[in-house]
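Following: one structure in structure tokens, then a few remarks.
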Amino acid sequence: MACILGKKHVCCTRIEHLGVVAGREEILRDVNLHLHCGELTAIVGRNGAGKSTFMKALLDVIPHTGTITFESARKSKFFSAVKPRFGYVPQSLAVDEASPVSVEDLVLSCVSKKPVWLPHSKADRQKAYEILRMTNAQSLADRRVCDLSGGEIQRVMLSLAITPVPDILLLDEPVSGVDRTGLKNFYDLVSSLRRDYDITILLITHDLDLVAKHADRIVFINKNSAVSGTVAEIYGSKEFIKVFGKIELQDGSDSTEAQEDSDSTDEIQESEKGEL
């Protein structure tokens, strides 16, 4: 997928034989995945399955075995030796309830060398406005960070994570504790960012029904291993249903029905090939 901004993305990520051991505990074993450029990939699994560990291994901040290879979007016979630019949004932001720091202060502290307690110039304020505007958070600029709701804080964090625009955006359960309306708005926003900026997005989530509407691909981590596929393929698998049960998809069908439809389509296509 070509980047509409003309940016030279590090595009595909190939993960081969990835393994992570902590002490004597094997967390991930022989994980083999291919993450595609410009796609939103949701990482799901029960608590403690190794989702955050997988993301840390991808960032190369913890020891691991196996190889992670980043391929440039500009096609060549060589793989990129340079790591991609990552954007990262954590689960939450710890903020002192009495802190006077405004959203504008927070943004400028991340992108400017000038101390935040000095008066902001008109150019500084405009820069902060443009950064916040990327996630429709510009109206929050004068608010104290400690007064923001969970959804509002995550929009601000997301605006910082995509400044500058990254190759790969990592979201580690970024909407924990956010209400249902906030969840929907956040997923809509993430989908629009992927579309507008051609960003590869990896999202750890427990919002299985909502993410099914937006994800191109699902990575299901279970019992030290990981499998990937479409929403219908993963949600309809016996292993997934055993852990999470049947998930009702946005079109009203459940995950097993979606998988059966997918299987039927494959059978028809194979039959048509045979007739030809």
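The values are calculated or read from the model by the stated rules, or taken from the named source; none is laboratory data. Everything quoted here is computed from the prediction, not taken from an experiment. We place every Cβ from the backbone using ideal geometry, glycine too, and count neighbours over all the protein chains shown. We work out accessible area using only protein heavy atoms, side chains counted, and drop any ligands, DNA or RNA first. Shrake-Rupley method; radii C 1.70, N 1.55, O 1.52, S 1.80 Å.
Here are a few things to note about the model shown:
- Dipole magnitude for segment 20-158: computed about the Cα centre from +1 point charges on Lys and Arg Cβ and -1 point charges on Asp and Glu Cβ, it is near 540 debye.
- Extent of segment 101-252 along its three principal axes (Cα atoms, max minus min coordinate, largest first): 59, 29, 29 Å.
- Local net charge near SER102, Cβ-Cβ under 9 Å (Lys/Arg +1, Asp/Glu -1): -1
- This model, with +1 at the C-beta of Lys and Arg and -1 at the C-beta of Asp and Glu, gives segment 156-196 a dipole about its Cα centre of some 140 debye.
- Charge tally in the Cβ shell below 10 Å around ILE201, where Lys, Arg are +1 and Asp, Glu are -1, ILE201 excluded: -1
- Residue-span extension gain [THR67 to VAL111] - 0.36 nm each, minus C-alpha spacing: 12.6 nm
- Shown for segment 143-221: the carbon plus sulfur share of the solvent-accessible area, taken with all protein chains present and a 1.4 angstrom probe, equals 46%.
- Under 10 Å, Cβ to Cβ, from ARG143 - net charge with Lys/Arg +1 and Asp/Glu -1: -3
- Projecting the Cα atoms of ILE201, LEU171, VAL190 onto the charge dipole of segment 171-211, computed from C-beta unit charges around the Cα centre, puts VAL190 farthest toward the positive end.
- Cα-projected label distance for SER225 with SER52, points at 7 Å along beta-carbon direction, nm: 2.6
- The heavy atoms of LEU40 present about 0 square angstrom of accessible area, all protein chains included, probe 1.4 Å.
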